[in-house]
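Shown next, in structure tokens, is the structure this report addresses.
All of the numbers you see were taken from the coordinates with simple rules; none came from a lab. Since we're looking at a predicted model, the values are computed, not measured. Glycine also receives a Cβ, built like all others from the backbone with ideal geometry; neighbour counts cover every protein chain displayed.
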Amino acid sequence: MIRLIRRPTPSKFWSWTTPILAVVATMIAGGLLFALLGKPPVEAIRTIFWEPLFGDNADYFRGQLLVKAGPLILIASGLAVGFRAGIWNIGAEGQYIMGAICGAGLALAVYPAESPWLFPAMVIAGAIGGFLWGMIPALLKVWFGTNEILVSLMLVYVAQNLLAYMAFGPMKNPQGMGFPGSRNLQQYPSAFNEELIPGTGAHWGVLAALVAVIAIYVLMQRHIMGFRIRVAGEAPRAARFAGVVPARLVVFCLGLSGALAGLAGMFEVSGPSGQITDGFNAGYGFTAIIVAFLGRLHPVGILLAGLLMALTYIGGDMAQMMLNLPSAAIQVFQGMLLFFLLGFDLLTNYRVRLGGARA
Amino acid sequence: MIVGGIDVVTLISMLMVASTPVLLAATGELVAEKSGVLNLGVEGMMIVGAVAGFAAAVTTGSPVLGFAGGALAGAAMAALFALLTQVFLSNQTATGLALTLFGLGLSALVGKPFEGVRPPPTGKVPFGPLSDIPMLGRILFSHDWVVYLSLALVAAVWGMLKYSRAGLILRAVGENHDAAHALGYRVIAVRFAALAFGGALAGLGGAYLSLIRVPQWTEGMTAGAGWIALAIVVFASWRAGRVLIGAYLFGGITALQLQLQAAGYAIPVHLLTMAPYVLTIVVLVVLSALHRHGAQAAPAALGRSFHASN
């Protein structure tokens, strides 16, 4: 008989080993999946994890790595704060869209005026857009006790429809010959979120992601708010006695993660994507949930997990080009990764013992 | 009967069809949650049911086998969730999200060859003269068999929870798993069964979307229906009868929204499409405001892992 014995505290060793185990297991299961699809499994895994970094065209793809990792890390580091406190914002995708709409909306409203203040103002507008969208589930939870998971998720669909409405209606490019989609901000110097170092893919959003990682590390380790968040998540009753006000935590966590997701959306629309279109959102808000868990809800872990997840995106694109691997295979791959991680987490919280005797 | 350019009889008749997918999924989730497990993967189970049902129906040419395939696929997804949460004791919220993300990817992968294919049609149930009754005939007696099956399932779940011994055990497990375990009930087995039933109904709901409601396979076609099903269970305060009301309310808004689009009102399409989601939020808010202590309606052990050594 296999017995499980709950550990008094989660194992430090396993908590950092399980993500690696999960990645290895996903590579094996993913290889099997690719084999089922009639693709050479080893080559497919190599194409996804090796080619973008060290392959023939690696110079181009390495830049893409930061472009994809930036928003993932920015969103995930905000989400992780809430997840630590047991506050589940799963509507980051919606907050990301609203940040993009607000940021781009400001630029489009003043077009074609040029000013060095425009981009900073757009950054603020993007953060506010995401913040306010995150405030809806926060305030509804605080005032009425409404479930934040369902409200934040419903708001994703509202935001998506608003995005489509904007792309086909108010924000449509008047010189776009009738095509849906806004003006391209890449051709609007004051609003363009340019690469800071050419060829690296590092735009302002990547820098913001780094700042966010450091700021959240400090918040969680050194600030009283971080302490409150950790206590509220691990021992809600103890938190009550320690004077933690749950309502303030809800507002703080959803506001913070909303603002960061909004920033990510704004940096994306003003940079790599360039315009508000119907399909502008690429699911970063959902993938960031995987990134947050894979990074153990820890800022440094998220940094690494974000880079890894960005790698699977780019590697997936490459595998699509070179091996004709369907693009959805990567989504399955990412989903599997989260499953394996959650399954292996058993080792973090429980000791596995063989034999029937009670320890 | 026409009001403001909208035929009311068509609207109500459409409502029943529009509600069926969420009604099925919400009824299944109700049973799962009554056993004390919160499965946030309804959306993932629905979309996998949609693609599996579609594929099965197209390859065999039989819609009935399609629905069976959809239900089976949904149950398989739920079994995966049950394995992780009940045996590997993983966090239910995170695992449910994983199930949804995985299901969306898997369905897109499997569904590629089926895009643009037409499924075999499902006929209406022949009610004979009953369907010729003015108004009532079109509203009540002009649908396919799955609509009636969904209503029968709601009634069956209601009866099972309220009057049967199985329902009592299910509720006991959901209210206090430690006590149920001490009484000798097999908590994990009961939860496995409840989850599989929930998954099968979600899969059936998904298959209804792709085989009858739309009828076509497109990527991401559930568009949040699974999440709305979850919201309906909360709205219903975990009661089967109210699940029916919630699902029909939601279906009514969806049907009305589609009719408004068809009637040519000058409201942008995307703003109309938003309506069901906004309504879901409004209903959740009103409900939680009414029952400030509404959490008591939820099964007491909802979302908590069970481990016999505790």
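Would you kindly calculate the mean projected area, averaged across all directions, of the convex hull enclosing the Cα atoms of the stretch A:128-280, in square nanometres?
11.4
Pairs of alpha-carbon atoms within less than 8 angstrom and 6+ residues apart define the contacts here; what relative contact order does the stretch B:120-261 have, in percent? Let's see the in-between values first.
Details: 78 pairs, mean separation 25.7, N = 142.
Over the stretch B:120-261, the number comes to 18 percent.
Taking the Cα centre of the protein assembly as shown as origin, work out the dipole magnitude from +1 charges on Lys and Arg Cβ and -1 charges on Asp and Glu Cβ, in debye rounded to 20.
The dipole of the protein assembly as shown has a size of about 2380 debye.
Rounded, prolate or oblate: which fits chain A when a ≥ b ≥ c are the square roots of the eigenvalues of the alpha-carbon gyration tensor, with rounded for a/c under 1.5 and prolate only if a/b beats b/c?
Working: a/c = 2.03, a/b = 1.23, b/c = 1.65.
It comes out oblate by the Cα gyration axes.
Considering only A:202, A:33, A:314, whose Cα is most displaced toward the positive end of the charge dipole of chain A, charges sitting on Cβ of Lys, Arg (+1) and Asp, Glu (-1)?
Towards the positive end, the residue furthest out is A:33.
Return a whole-number percent for the relative contact order of chain A, with Cα pairs under 8 Å and 6 or more residues apart as the contact set.
So the answer I get is 37 percent.
What does the charge dipole of the stretch A:214-359 about its Cα centre add up to, to the nearest 20 debye, if the Cβ of each Lys and Arg holds +1 and the Cβ of each Asp and Glu holds -1?
The dipole of the stretch A:214-359 has a size of about 1020 debye.
Please give me the summed charge of the neighbours of residue B:25: other residues whose Cβ is under 14 Å from its Cβ, Lys and Arg +1, Asp and Glu -1. Don't skip to the answer; put the middle values down first.
Values: positive: B:213; negative: B:29, B:33, B:43.
Residues close to residue B:25 contribute a combined charge of -2.
Work out the charge dipole of the protein assembly as shown with +1 on the Cβ of Lys and Arg and -1 on the Cβ of Asp and Glu about the Cα centre, then indicate which of B:238, A:180, A:126 is farthest towards its positive end.
Going by the charge dipole, the pick is B:238.
I need the shape label for the protein assembly as shown. Rule: rounded when a/c is under 1.5, else prolate if a/b > b/c, else oblate, with a, b, c from the alpha carbon gyration tensor. Let's see the in-between values first.
On the way: a/c = 1.44, a/b = 1.13, b/c = 1.27.
Rounded, since a/c falls under 1.5.
Just counting partner chain Cβ atoms within 10 Å, what average do the residues of peptide B:223-232 show around their Cβ? Before the final figure, lay out the partial values.
Numbers: counts 2, 6, 0, 1, 7, 4, 0, 4, 6, 0.
Rounded to a whole number, the mean comes out at 3.
For residue B:162, go through the lysines and keep the ones whose alpha-carbon is under 26 Å away, minus same-chain ones fewer than eight residues off.
B:34
What ranking of B:19, A:115, B:210, A:11 emerges when the number of other C-beta atoms within 10 Å of each C-beta is taken as an exposure proxy, fewest first?
So the ranking, lowest neighbour count to highest, is A:115, A:11, B:19, B:210.
So how tilted is helix B:187-208 from the main axis of chain B? Cα-based, degrees 0 to 90, rounded to 10.
With rounding to tens, the tilt is 10 degrees.
What whole-number distance in Å separates the alpha-carbon centres of the stretch B:38-87 and the stretch A:95-114?
Taking the Cα centre of the stretch A:95-114 as reference, the centre of the stretch B:38-87 is 41 Å away.
When we measure straight from the Cα of residue A:68, which lysines land under 27 angstrom away, once same-chain ones fewer than 8 places off are left out?
Once the sequence-local lysines are set aside, what remains near residue A:68 is A:39, A:172, B:112.
Output the relative contact order of the stretch B:2-297, whole-number percent, from Cα pairs under 8 angstrom with separation of 6+ residues. Mind showing how you got there, number by number?
Values: 517 pairs, mean separation 106.2, N = 296.
Result for the stretch B:2-297 is 36 percent.
Starting from the Cα gyration tensor of chain B, take the square roots of the eigenvalues, sort them a ≥ b ≥ c, and report rounded, prolate or oblate (rounded when a/c is under 1.5, otherwise prolate if a/b is larger than b/c, else oblate). Could the numbers behind the result be given before it?
On the way: a/c = 1.70, a/b = 1.45, b/c = 1.17.
Here chain B falls in the prolate category.
Show me, bin by bin at 10 Å from 0, the whole-percent P(r) of the stretch B:154-240 based on Cα pairs.
15, 38, 30, 14, 3
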